[in-house]
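Contents: one structure, followed by commentary.
The values are calculated or read from the model by the stated rules, or taken from the named source; none is laboratory data. Source: prediction; values computed, not measured. Positions of Cβ are backbone-derived with ideal geometry, glycine not excepted, and every protein chain shown enters the neighbour counts.
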Amino acid sequence: MTNKTMQTNIEKNVMRRVHTIHILRPVFSGFTVCTLVLVVCIFAISREVWVARVLENMPHTNNVTDFSRFWLVAFDNTRLTVQALSLLTIAALAYLARETSRLVSSALTFARI
């Protein structure tokens with residue numbers, strides 16, 4: 001055997017880890033993890049809050065102040081768990097919107113070239 005075809009155990013281990021990281025990179029991207037966080041938060045909120053009752057109690061007016069006051073009072077009267085999940089959901093939505101806009105803008109820039 002020549003030196004070119006022989007691999008040491010260290011080289012095999014390193015290359016196996018490189019291949020594993022290459023395969024798992026898309027799975028653990030920020031977009032994927034954030035989407036998973038968003039789904040888990042929405043599921044947890046739906047388990048803690050009776051969403052149908054909240055929507056029934058929501059004011060059906062075009063007045064923005066009544067609408068915003070309702071959501072502020074509804075948020076204030078929930079448990080800390082629901083408040084934290086709600087804030088995490090909003091943060092995940094903002095991050096996903098940012099990443100989506102970056103992906104779309106880069107795709108449009110690439111399409112112009």
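If you check F75, F70, which single one turns out to be surrounded by 12 or more Cβ atoms within 10 Å (Cβ to Cβ) and touching a residue at least 12 places away in the same chain (Cβ under 8 Å)? Show your work before the answer.
Working: F75 fails: touching a residue at least 12 places away in the same chain (Cβ under 8 Å).
Exactly one residue qualifies, and that residue is F70.
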Quiz item: Out of segment 10-35, which residues are out of contact with any helix residue (DSSP H, G or I) (no Cβ under 9 Å at 6 or more places or on another chain) and within 30 Å of R79 (Cα to Cα)?
Solution: T32, V33
Quiz item: Looking at I10, is it closer than 25 Å to A97 by Cα, among the hydrophobic types (A, V, I, L, M, F, W, C) and modelled with pLDDT of 85 or more?
Solution: no
Quiz item: Which pairs do you get when a residue that is more than 15 Å from L80 (Cα to Cα), found in segment 29-56, comes within reach of a residue that is outside any loop (DSSP other than H, G, I, E, B) and of a type in the set (D, E, K, R), reach meaning Cβ atoms under 6 angstrom, with the pair 6+ apart or on two chains?
Solution: F31/E99
Quiz prompt | Members of segment 33-67 found to be loosely packed, with under 12 Cβ neighbours inside 10 Å, part of a helix (DSSP H, G or I) and among the hydroxyl-bearing types (S, T, Y), listed by number | solution = S46, T65
